[in-house]
Structures are given as structure tokens and as C-alpha cells.
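Student: My structure is below; once you've seen it, I'll send some questions.
The values are calculated or read from the model by the stated rules, or taken from the named source; none is laboratory data. Just so we're clear, the structure is a prediction, and the values are computed from it rather than from any experiment. We place every Cβ from the backbone using ideal geometry, glycine too, and count neighbours over all the protein chains shown. For the accessible areas, the whole protein counts, side chains as well, though only heavy atoms, and no ligand, DNA or RNA atoms are used. Shrake-Rupley method; radii C 1.70, N 1.55, O 1.52, S 1.80 Å.
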Amino acid sequence: MEPPKSLRPKNIMVATELLSDPFLQLPTPNSVRVVWFTEFPGRENCVVYGDNLEEEVRAVTSKLTRVREDQNSKITPSYAETAYREVWRHEAEITGLKRDRRLPYRVISTRETGEEISSQIFSLAPTPSGGKPLKILLTSDHQLMPMTAANLQKVEEAIGKVDAVFMAGDLINIADRASEWFDSDGGNAFFPVLQGRGSYTLKKKGIETVYKGGELIQHAPLFTAIGNHEVMGRFSLQTGLNEQFGDAYPQIKAEEIYQKSSAEINPRNDPQLKAAWIKANSFNTDTYEEIFTLPQSDSGGEKYYAVTFGDIRLVVLYITNIWRSPSIKDEQISRYRERSPDLDTPEKWGYGQHIFEPITPDSKQYKWLVQELQTPEFQAAKYKIVMFHHPPHTLGDNIVPAYTNPRQTIIATLEGEVKSVRYEYPLNDDYIIRYLEPLFNEVGVQLVYYGHSHLWNRFQNKQGVNFLESSNVGNSYGAFLGSKKRPIPKGYQETYIADGDPNGLEPIMPTISPLKDENNNDLPYVSSNDISIFSILDTGRGKVSSYRFDTTQSNSDVIKFDEFSLLP
């Protein structure tokens, strides 16, 4: 007779056919979700857990609907054209847990043949109680970049197991490319390097070092914000995924096109068909939302939310826009103008760096935020933290132009022939600075955490709000201070700041061990393609510490170079 499943032998063979190790999502005071992926649906998928792995919970299985591969996917065997890829997601909710008590667990997926494929044994826990000291990894902009695996490996080596990961967007490059999440041939896909299963060869000064990342999210819940790389543009099975990523189109413009042809597109006026058509012809975050199980807001779902984790109230916002080139030449779609060959075809226009989710006072997201900041959960929290992707203060490149809706100017002849289309972005109408920072000042937010510019720098305003960008994880595009200038369009009427923080704050010098420039002067930032950065929030001490690792010296130690307090 076959033994009960709860008594399965503990030495079950661990196979490699799981597409990911399990990871933790959506903890509550007495539960947590366990999620993992396979390339087969499985006859049965379950989590076994408990002191002796004696408990079992069946998983709910679903298929990712938009993930694909194409000729640019780094996967073997290769793809000759854009095609769907079958990926199955399994999620089990573990309930009846006790706070501050960890239990071992493993996941098991059973093939149709009866073969059982298991993960190794990891540990899970519900939301920690208030007062429990926690160590939270602050990270962003992984994007399969060269130093990401090294960065996360050094997190585990220097800090050990963290209690949660807060990630401020840009998890991958192309959200609908499955291999970027699971199994890119480069060995640095999103899940492997966060699970210590990567294998990325980094070559520095002629020396090759293989980094596997860190075993982090099997034990710690992951809370993410949407960055511009989590957003896919107009859907197609004919064009490549890179092209689709850059082809995000404003929803209001897609709706205008729909209205002109609605009788043909949707003769029965089906509201679901209308919504699906507009989404397919504008932009979406479907794959991101299908992969993760995050807290939800009533108006925004997983796109923006708030959650209590120990002594932290974390507010996550959807603040990002499409990235366009600063060039005003015709070779690229620009943030400042439309290409000359496209002037008579508005369907090909880029519409500048248009914002994906409104954050002005009349928007659902802003109204939700105002309500959240008034909740007892937020007001009573020891640590009030806001996380989103786009920088409010930075020395990086992506803060120019201002975070505001593009102001379009069309120059046309009397006959209606379009001669030029350009976009301006008034600096004094930056939505983050104009509408959000005053809210943060008023309610006592201690930390605003963000990414996008691939560097480390921090600021503090007069009201004491700390602003941290710790996104120099895998590569950097530069810090613009002093003689180094951002690319600024000539002949445009609005103000575009070439160096420093356009929104008026001075960068704070690292408090412990700043890097030096070529003249041996201390630098108030880290912008390097050799030195990788991570930051840790320690709630027991009320401090945020930042660490650097020099990948050109693979045997060197991790160095703490900055630390600041969130408490008075």
C-alpha cells in the first residue's frame, strides 16, 4: 500500500525540472503564499510543510497568458520568430501559522507520468509581529545586468537571510519574454539570481568569476513596484518583443482609434471586447500581474497598494513612464519630438514620455494615496516608507525631463499638413514634486525609495524626508554633477537641468566611506560599472545601511559606505 502523502520520504529526489524555486508572497499574520513555476501543468502540485514536513496543501495552477520568446531570446533551443511559451504557475496558501515562527517547506510537482519533482527544503513564516527586528533588502533595476548575480550573492554572504525584499521596479528588460524571468542562457534571469540558482560569468581585468546570486526569496517575501520595464506596449505575434516593449501607446489615443472603427471591431458593443482591444493596442502589465501575488488596493489592484510588515507600513505606487531617447534626430523615437517620416501617420507617433498611470489630484491613484495616508495602519506605523520607480531627486539621467504629461505642439500648414510635432515638460509641474512630496512632508514619511537611474545617491529635504536611490546593482549610465552634463535639447522653451538634482536638493555625502574621484575628492554618489551596491533597512536599529562590492576584486570584502537613521 502506498503511504499517505503526508508521510512521503524526506529524501525525495530533488530534480531540476522546476522552472523556478518556490518564493514567498502576500504574508498575513497567520498565512503566506508559496509560488513556483513549471513548464508542465502537473497532475498534482503541492506544498509540504511543518516541523517534519507532515502537512500538505494543494496548489492552484494557472497558465501565464502572454509570455513568449522570439529571435532575441537568449535560450536554447532558439526561436526563429515570436511565439507563445507554455509556463505554468502554482500557488498554495499556507494558513494557521504562528507569528515569528519559521517552518520548513518544500514544493512538489507531479508529472502526468507520476514522476514527482521536488524543490529543496526552505523556510516560511507569516508577517512578523511589531517590534521584531527585521532586515529588509532595498533593491531595484536588476534587468539581467552584468553585476546583478554578484550583487545578490554578496547580500547573502554579508547579511545572511533577509526578512523581506523591497524592489523598486525594473525587474527584467522585456516583461513578456519568459526566459528573462526563468532561464536565460546567460545564467542571470530574474528568479535564478534571487534564489541562488544563477550562473553568470563576470569577466573583470581578464579574470572570470561565476556568480550564482543569493538564496533570498525562498525564505523572504518579495514586494515589488512597477517600473517602465514591467510595461509592454502594443501586442503582436508578428513583431519582436523588444519592438513591442518600446511601442507603448497612450490609452486615450488607442480609444480614439477604437471609436473610429468600433462598428467593425466590436459590432455587438461588448464592453469586455472593447477593454481588451484598447489594452492590446496601448500597453499592459499583464505578465507582471500574473507572476506575482501582491497586496491590492480597491482602485488599482496590484499596481499600487499598501501593506504592514512588522513595524513598517509600506506604500507602493505606480509611478513610471515610457522611456524615450533624448535624441532629437530622426533615427529614434524621441521624448521631445516625432520623427519626420511619421508625421503623416499618428498611429506611429510615440507621444513623448507619456505617463502610464495618472497621479494628479483628480486620479484614482492619488485619491487612494490620500486615504491610505490617513489610515490608522499608516499613522501608527513606526516606519512609514513609500516606494516607486521614477526618481523625485537624483543625479541620474532619467529625471530629465520632468515627470509630467508631455505638452504637445503641432505645427501644420493651412491645408493641414503636419510639419513638426514637439513635446515640452514644464519643470514646475513635476507631479511627484508638486503633488506627492507635500503629502509625504505632512504625514511624516521617513523614507522614499526608488530606482530607474542605475546609481546610488540620497537626499533629505527640509522636512526631514529621506530620499534614497539604490539602483546601481548591475550597471550605471552615469551621475551628472559638475562638468558632466545630461543631454538637453536645444531650442526648447522649458527648463531642462543638465546637472545636479533638477528639483533642488543637494546630494548627501556617504557617512562612512565615500568613493573618491580622480582628484581624491569624496563623491556623493556611486555610479560604476565595476562596483555594485545594495542597501539594507534594519528596523531593530532604525537605520538604512548601504554596502558596495568591487567586482574587479572578486575576493574583496563587502564595504559598508553609508548609514543614516529613520528615527529622530
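Student: Roughly how big is the chain's charge dipole about its Cα centre, with Cβ charges of +1 (Lys, Arg) and -1 (Asp, Glu), in debye to the nearest 20?
Tutor: 800
Student: So for the chain, averaging the separation of alpha carbon pairs under 8 Å that are six or more residues apart and normalising by length, what relative contact order in percent results?
Tutor: Reported as a whole number, the value is 12 percent.
Student: If the only charges are +1 at each Lys and Arg Cβ and -1 at each Asp and Glu Cβ, what is the size of the charge dipole of the range 76-167 around the Cα centre, to the nearest 20 debye?
Tutor: Here the range 76-167 has a charge dipole of around 580 debye.
Student: Can you list the lysines whose alpha carbon sits under 20 Å from that of residue 205, skipping same-chain ones fewer than 8 residues off?
Tutor: Hits, sequence-local ones excluded: 154.
Student: With both partners inside the range 72-203, how many of the DSSP beta bridges are antiparallel, as a percent to the nearest 5?
Tutor: Bridges in the range 72-203 are about 60 percent antiparallel.
Student: Continuing with this model, one more query. Per q in 0.21, 0.22 Å⁻¹, report the Debye log10 I(q)/I(0) for the range 53-147, using one uniform scatterer on each alpha carbon and no solvent.
Tutor: One equal scatterer on each Cα of the range 53-147 leads to -1.18, -1.19.
Student: May I ask for the distance between the Cα centers of the range 418-497 and the range 337-414, given as a whole number of Å?
Tutor: Cα centroid to Cα centroid, the span is 12 Å.
Student: Please figure out what share of the DSSP beta bridges in the chain is antiparallel and state it in percent, rounded to the nearest 5.
Tutor: 75
Student: Let me ask something else about it. Please give the calculated 222 nm ellipticity per residue for the chain, where each DSSP H segment of at least 4 residues contributes -39500 (n - 2.57) and the sum is spread over every residue; nearest 500 deg cm²/dmol?
Tutor: -3500 deg cm²/dmol
Student: Treating cross-link reach as a plain straight distance, find the aspartates and glutamates whose alpha-carbon is under 15 Å from the alpha-carbon of residue 63, omitting any fewer than eight places away in the same chain.
Tutor: 39, 44, 86, 91, 176, 286, 289, 290
Student: What is the distance in Å between the Cα centres of the range 522-550 and the range 104-164?
Tutor: 21
Student: Express the carbon and sulfur contribution to the solvent-accessible surface of the chain as a percent, rounded to the nearest whole number, probe 1.4 angstrom.
Tutor: On the chain, the fraction of accessible area on carbon and sulfur atoms equals 48 percent.
Student: Would you mind counting up the charge near residue 512? Only other residues with Cβ under 9 Å from its Cβ, with Lys and Arg at +1 and Asp and Glu at -1.
Tutor: -1
Student: Could you work out, for the range 301-351, what percent of all Cα-Cα pairs fall into each 5 Å distance bin, beginning at 0 Å and stopping at the bin that holds the largest distance?
Tutor: 4, 18, 16, 12, 8, 8, 9, 10, 7, 4, 2, 0
Student: For residue 384, list the aspartates and glutamates whose Cα falls under 15 Å from its own Cα; do not include residues on the same chain fewer than 8 positions away.
Tutor: Of all the aspartates and glutamates, those that pass the test against residue 384 - Cα under 15 Å, at least 8 places apart if same chain - are 311, 372, 437, 442, 538.
Student: Continuing with this model, one more query. Please give the net charge around residue 221, taking every other residue with its beta carbon less than 11 angstrom from that of residue 221, where Lys and Arg add +1 and Asp and Glu add -1.
Tutor: 0
Student: Of the listed pairs 382/543; 260/367; 204/560; 74/484; 74/485, which have alpha-carbon separations greater than 24 Å here?
Tutor: Pairs exceeding the cut-off: 260/367; 74/484; 74/485.
Student: With a bin width of 10 angstrom, please list the P(r) values of the chain as percents of all Cα-Cα pairs, from the 0 bin to the one holding the largest distance.
Tutor: Reading the bins upward from 0: 3, 17, 27, 28, 17, 6, 2, 0, 0.
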